[in-house]
Amino acid sequence: MEYQEILERLKESPVLLIGIGRELQISAKTVGAMPDSVEYAKRLCQIFAKEKTAIQPYQDAYQTIKKLIEQKDYFIVTTNTDSMLEHMGFDKERIVSPCGSVLRMQCEELSHGVWDIEEALLADESIACPICQEQGRFNIITNKPYNEAGYLKQWEIYTRWLQRTINRKMMLLELGEGFETPTVIRWPFEKIAFINQKSTFVRVNRTLPQMEVRERAYSVKEDSINFLGRISELLNQ
Ligand SMILES: [Zn+2]
């Protein structure tokens, strides 16, 4: 499908489901620290607070997503852990991050919950568990046991929203999702596209564009940041 046609489909769909994956995760190289390290989280907070130009291409990509959701009944699912959706000011009621965030921590004792560390990192204050003072770990899916308290409420809202989309004209746009956690976006999106006869599914991926569904489903073999750049150009024409 041509980009112009994708844009037309996006414009005419009242319902929009967006999946955001790895290609849009702020890279370790950009941040200048190892992934999932405290240093990464700290640098990310600093970039968010005062060095925004370092992540300009990402910010532009998210701004384009913001334009696409205008006037839509939408939901956004991300497997990324960089809290970019929150940072870019997306409506918290319409996003869900099932894989967690490196700007949030959990205690080994799950009943101690999860806590935000952004302000503490910026102020060089303690990021230990506020209840037992033990050192916390990132509230991300790769840390087991994973405390799901960080996203479950939003997940319930998402699944209820999905139920309301059945048989509605809908566009699914999957941006740069890999195979790390295919049960969150890749496989469910294929299933939704298969079931909803009024849906159109566009999967954008530079290296993994393959698609299991045949009808009303299109692959774009392109990096998601570049794809959104092209869409942005078309929007501005
Ligand atoms: Zn604790």
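The values are calculated or read from the model by the stated rules, or taken from the named source; none is laboratory data. Bear in mind the structure is a predicted one, so any value in this text is a computation, not a measurement. Every residue, glycine as well, gets a Cβ built from its backbone with ideal geometry; the counts of neighbours run over all protein chains shown. Note: areas computed on protein heavy atoms with side chains; ligands, DNA, RNA excluded. Shrake-Rupley method; radii C 1.70, N 1.55, O 1.52, S 1.80 Å.
Quick one: with all protein chains in place, what share of the accessible area of the range 3-236 is carbon or sulfur, to the nearest percent (1.4 Å probe)?
Heavy-atom surface of the range 3-236 belonging to carbon and sulfur, 1.4 Å probe: 49 percent.
At 1.4 Å probe radius, can you tell me the per residue accessible area of the range 1-70 in Å²?
With the other protein chains kept in place, the range 1-70 gives 46 Å² per residue.
So which aspartates and glutamates pass the test for K153, namely a Cα distance under 13 Å, with those fewer than 8 places away in the same chain ruled out?
Qualifying aspartates and glutamates at Cα under 13 Å: E93.
Once you put a point 7 Å from the Cα of E51 and another 7 Å from the Cα of E12, both along the Cβ direction, what distance in nm separates them?
Spacing of the two 7 Å Cα→Cβ label points: 4.6 nm.
Under a point spin-label approximation (7 Å from Cα along Cα-to-Cβ), what is the Y3-N226 distance to one decimal in nm?
Simple spin-label model gives 1.0 nm for this pair.
Report the rotationally averaged projected area of the chain based on its alpha-carbon convex hull, in square nanometres.
Taking a quarter of the hull surface, the average projection is 12.7 nm².
Scan the range 60-168 for chymotrypsin sites (Phe, Trp or Tyr not before Pro) in coil per DSSP, keeping those whose Cβ has at most 13 other Cβ atoms within 10 Å, and list them by number.
Listed in order of number, the matching sites amount to none.
What trypsin sites (Lys or Arg not before Pro) in the range 170-237 are in a loop by DSSP, with at most 12 other Cβ atoms within 10 Å of the Cβ?
R214
Roughly how far apart, in whole Å, are the Cα centres of the range 1-78 and the range 138-184?
The range 1-78 and the range 138-184 have Cα centres spaced 16 Å from each other.
For K52, give me every one of the lysines with a C-alpha distance below 26 angstrom, ignoring sequence neighbours fewer than eight places off in its own chain.
Here the lysines satisfying the reach criterion relative to K52 are K29, K42, K66, K67, K92.
In nanometres, what is the gap between the two model label sites at K153 and I131, each 7 Å from Cα along Cα-to-Cβ?
Taking the simple label geometry, K153 and I131 are separated by 1.6 nm.
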